[in-house]
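The values are calculated or read from the model by the stated rules, or taken from the named source; none is laboratory data. This structure is a prediction, so every number in the text was calculated from the model and none was measured. In this analysis, Cβ positions are derived from the backbone assuming ideal geometry, glycine residues included, and neighbour counts consider all displayed protein chains.
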Amino acid sequence: MQDTMTRILIMHPAILIGLLSLLPLQAGADDHDDPADNAGTTRYEQPQDHQRARAARLRGEIRPIAEILHQIGAQIPGEVIGIELERDKHAGQRVWLYELKILTPDGRRLEVEIDAREGEILELEDED
């Protein structure tokens, strides 16, 4: 499945953005312990990852991925070949992060962590 998604995501950015608008975001598994995400539910009624991501978007905790892709595309040239949304700690606080994998024009693979609310690049790592 991962290989299939990778092949699907290696496309022209406009196609990628179109596909992303049709699919729910995948939230990281490590955000299940945040009471704010699960308030008023029992463990048998826990929301699915896409529901948690949608709720975070509606609460203004994350920006739409299309905005993030537009902003980052202007800063880092290349094709986005992977996207994850996860809840993690940064600077001692729990925040939503977009993790983008970008294939640069010269063939390098970058992993970019972005604050999902502010759109600020928090970490840029060259995977090659």
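Could you tell me which residue of the range 58-75 is surrounded by the fewest Cβ atoms within 10 Å (Cβ to Cβ), considering only residues that are touching a strand residue (DSSP E or B) at 6+ places or on another chain (Cβ under 6 Å) and part of a loop (DSSP other than H, G, I, E, B)?
Per the criteria, the residue is 61.
Considering only residues that are touching a helix residue (DSSP H, G or I) at 6+ places or on another chain (Cβ under 7 Å) and either charged (D, E, K, R) or closer than 15 Å to residue 125 by Cβ (or both), which ones fall in the range 81-92? Once the filter is applied, which keeps residues that are touching a helix residue (DSSP H, G or I) at 6+ places or on another chain (Cβ under 7 Å) and either charged (D, E, K, R) or closer than 15 Å to residue 125 by Cβ (or both), the range 81-92 yields 81, 82, 86, 87, 88. Just so you know, in the range 76-128 the residues that are under 14 Å from the mean Cα position of the chain (by Cα) and in a loop (DSSP other than H, G, I, E, B) include one that is farthest from residue 51 (Cα to Cα), and it is 120. Can you confirm whether residue 93 is within 12 Å of residue 119 (Cα to Cα) and surrounded by fewer than 17 Cβ atoms within 10 Å (Cβ to Cβ)? Spelling it out, it is not the case that residue 93 is within 12 Å of residue 119 (Cα to Cα) and surrounded by fewer than 17 Cβ atoms within 10 Å (Cβ to Cβ). In this structure, residue 74 does not qualify as over 25 Å from residue 126 (Cα atoms), among the hydrophobic types (A, V, I, L, M, F, W, C) and at pLDDT 85 or above. What pairs come out if I take residues in the range 59-80 that are free of Cβ contacts under 8 Å to residues at least 12 places away in the same chain and pair them with residues that are among the aliphatic types (A, V, I, L, M) and loosely packed, with under 15 Cβ neighbours inside 10 Å whose C-beta lies under 9 Å away, six or more apart or interchain? Taking only residues 6 or more apart or on different chains, the pairs are 59/36.
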